[in-house]
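Chemist: Take a look at the following structure, please.
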């Protein structure tokens, strides 16, 4: 790791040279300035990780130097040095943005500890900024989601929407990349430095979902031993992604509607309204408009969520994106697995394009990862795509098998309500009953 660069500014030559020597012995690169003017000249002509600044200096006062430094670089830690009895000046310096202060005469070990803490904080800040840049780059729109005309249109809308606070509703089958698109919208927005919080509404029971979203007070229910902040509070200033929002119960739909309307809620067991500034991005693999007609989803909530609808097509409807997606996934997994795969053979690509992809991009991701692990060549071949043998045989089902599978999925969707299933299937009820009785 490169040595930290420190600027020492003190008008007492002995003090400046002593501090320079002390911190050079600590492995740092140190420059010294003997007045405020020289300190600013050095600061603007080079880059530093920390400034040690005496508040009493000729030419330009230390306080003025501090103000200009913080205006130029608000994040750089500045440790101020002040004379004994000038604590008021030190307090003012802290208000301007100084990291900490010491008073003369000071203990060397005390100053060393302050400087090391400040530099560790600076290191962590830079690491955070680097990781945030990596995340933003990883969740950009271009080239990651697809190059087909349909996907380009979706990305163009998403890019425009990202710069606003509009509520977004993403439609798509499981595995089509709804969460990836939601993250991309968040990390390309002005909220990128604030949290992106994910909640899977279909994976949590109604009682737990209320506590998960809105938090609870101590003693609100059995097991609530302490106050818990909900996901909406944790996402304050950022975005919350409500996945599978169509699975919410009617009671939870009412509570969500209030948050969308007023941006306020109460914790479970609480009475104090809590106001948050959160952007809502929701997703579903269900037809909410149809659910509204059937009375299973609130119409007013639907219109609150459906401000900007984005529909991600299944992979089987955008197979022209397969080469781009494969290139991206191969590069991603090769970095993690430390493998050198150059691409995929034309024969293997034809196999990929013939497949129906019921699991969409999530399934493609798994297939590419496994192929990279198994492959002994630099080009992925048909033999590396072993997972496709069973799905390719399953593709050719009899008409009776397809009909049975479809009817069973519809009856499962209606929770066994055959009358509702018959309406969806377009069959008389007695004919549906006969078909079900005939299935082995």
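Chemist: Expressed as cubic angstrom per residue, what is the convex hull volume of the alpha carbon set of region 316-394?
Modeler: Output value, Cα hull per residue: 80 Å³.
Chemist: For region 406-424 and region 272-294, what is the separation of their Cα centres, given in Å?
Modeler: Region 406-424 and region 272-294 have Cα centres separated by 25 Å.
Chemist: Using helices alone, I'd like the mean residue ellipticity at 222 nm for the chain: each DSSP H run of four-plus residues gives -39500 (n - 2.57), total over residue count, nearest 500. Walk me through the numbers on the way to the answer.
Modeler: Working: 19 runs with 218 residues, N = 440.
Counting only the DSSP helices, I get -15000 deg cm²/dmol.
Chemist: Quick one: if you stick a label point 7 Å off each Cα along the C-beta vector at residue 205 and residue 271, how many nm between them?
Modeler: 2.8 nm
Chemist: Continuing with this model, one more query. Determine the gain in length on full extension of the stretch residue 349-residue 254; use 0.36 nm per residue of separation and subtract their C-alpha separation, reporting nm with one decimal. Write down the numbers at each step before the final one.
Modeler: Details: separation 95, 0.36 × 95 = 34.20 nm, distance 4.77 nm.
Gain on extension, residue 349 to residue 254, equals 29.4 nm.
Chemist: Could you work out the pair-distance distribution P(r) of region 5-134 from its alpha-carbon pairs, with 5 angstrom bin width and percents rounded to whole numbers?
Modeler: For region 5-134, the binned pair fractions read 2, 11, 22, 26, 21, 11, 4, 2, 1, 0 percent.
Chemist: Here's a follow-up. Restricting things to alpha carbons, tell me how big region 143-313 is in terms of Rg and Dmax, in Å.
Modeler: Every Cα atom of region 143-313 included, Rg and Dmax give 16.2, 54 Å.
Chemist: Here's another thing I want to ask about it. For log10 I(q)/I(0) by the Debye sum over Cα atoms at q = 0.09, 0.11, 0.12, 0.13 Å⁻¹, the choices are [x] -0.56, -0.85, -1.01, -1.17; [y] -0.84, -1.03, -1.10, -1.16; [z] -0.60, -0.93, -1.12, -1.32; which was calculated from the structure?
Modeler: Computed from these coordinates, log10 I(q)/I(0) by the Debye sum over Cα atoms at q = 0.09, 0.11, 0.12, 0.13 Å⁻¹ corresponds to label [y].
Chemist: Once each part is reduced to its C-alpha centroid, what is the distance from region 195-257 to region 1-62 in angstrom?
Modeler: What the calculation gives is 51 Å, centre to centre.
Chemist: For the chain, give the share of DSSP beta bridges that are antiparallel, in percent and rounded to the nearest 5; count only bridges with both residues there.
Modeler: Just about 5 percent of them are antiparallel.
Chemist: Now a separate question. Once R0 is set to 56 Å, what does the formula 1/(1 + (r/R0)^6) return for the Cβ-Cβ distance between residue 377 and residue 60, expressed as a FRET efficiency to the nearest 0.05?
Modeler: Using R0 = 56 Å, I get an efficiency of 0.25.
Chemist: Quick one: length gained pulling residue 198 to residue 331 fully straight, 0.36 nm per residue minus the C-alpha distance?
Modeler: In short, 45.3 nm is gained.
Chemist: Using r as the Cβ-Cβ distance of residue 320 and residue 418, and R0 as 35 Å, what FRET efficiency do you calculate, to the nearest 0.05?
Modeler: 0.30
Chemist: Then there is this: Tell me the angle of helix 429-438 to the major Cα principal axis of the chain, expressed in degrees between 0 and 90 and rounded to the nearest ten.
Modeler: For 429-438 against the chain, the angle is about 90 degrees.
Chemist: Still on this structure: Based on the alpha-carbon set only, what is the convex hull volume of region 152-240 divided per residue, in Å³?
Modeler: Details: hull volume 9.4 nm³, N = 89.
Each residue corresponds to 106 Å³ of Cα convex hull volume.
Chemist: Taking the beta-carbon count within 10 Å as an exposure proxy, list 349, 155 from fewest neighbours to most.
Modeler: The fewest-first ordering by Cβ neighbours comes to 349, 155.
Chemist: Here's a follow-up. What does the extension gain come out to for residue 13 and residue 340, with contour length at 0.36 nm per residue minus their alpha carbon separation? Could you put the intermediate results ahead of the total?
Modeler: Numbers: separation 327, 0.36 × 327 = 117.72 nm, distance 5.75 nm.
Length difference between fully extended and current span is 112.0 nm.
Chemist: On to the next question. Given a Förster distance of 41 angstrom, what is the FRET efficiency for residue 190 paired with residue 95, based on the Cβ-Cβ distance and rounded to 0.05?
Modeler: Taking R0 as 41 Å, the efficiency between residue 190 and residue 95 is 0.90.
Chemist: Further, regarding this structure: How tilted is helix 62-72 with respect to the longest principal axis of the chain? Cα atoms for both, answer in degrees (0 to 90, nearest 10).
Modeler: Its long axis makes an angle of about 20 degrees.
Chemist: When DSSP assigns beta bridges and you keep just the ones with both residues in region 143-313, what percent turn out antiparallel, to the nearest 5?
Modeler: 15 percent
Chemist: Which order do peptides 293-299, 399-405 fall in by mean Cβ count within 10 Å, highest first?
Modeler: Ranked from most to least packed, the peptides come out as 293-299, 399-405.
Chemist: A further question on this structure: Specify the angular offset, from 0 to 90 degrees and rounded to the nearest 10, of the alpha carbon long axis of helix 178-187 from the longest principal axis of the alpha carbons in the chain.
Modeler: With rounding to tens, the tilt is 20 degrees.
Chemist: I've got another one for you. Over region 399-438, consider all pairs of different Cα atoms and compute the Kirkwood hydrodynamic radius from their mean reciprocal separation; express it in Å, one decimal.
Modeler: Roughly 9.9 Å, rounded to one decimal.
Chemist: Going by average Cβ density within 10 Å per residue, which order do the peptides 228-237, 50-59 take, highest to lowest?
Modeler: 50-59, 228-237
Quick note: the coordinates plus some simple rules give every number you see, no bench work behind them. Nothing here was measured: the structure is a model prediction, and the numbers come from that model. Cβ coordinates were reconstructed from backbone atoms using ideal geometry, including for glycine residues, and neighbour counts include every protein chain displayed.
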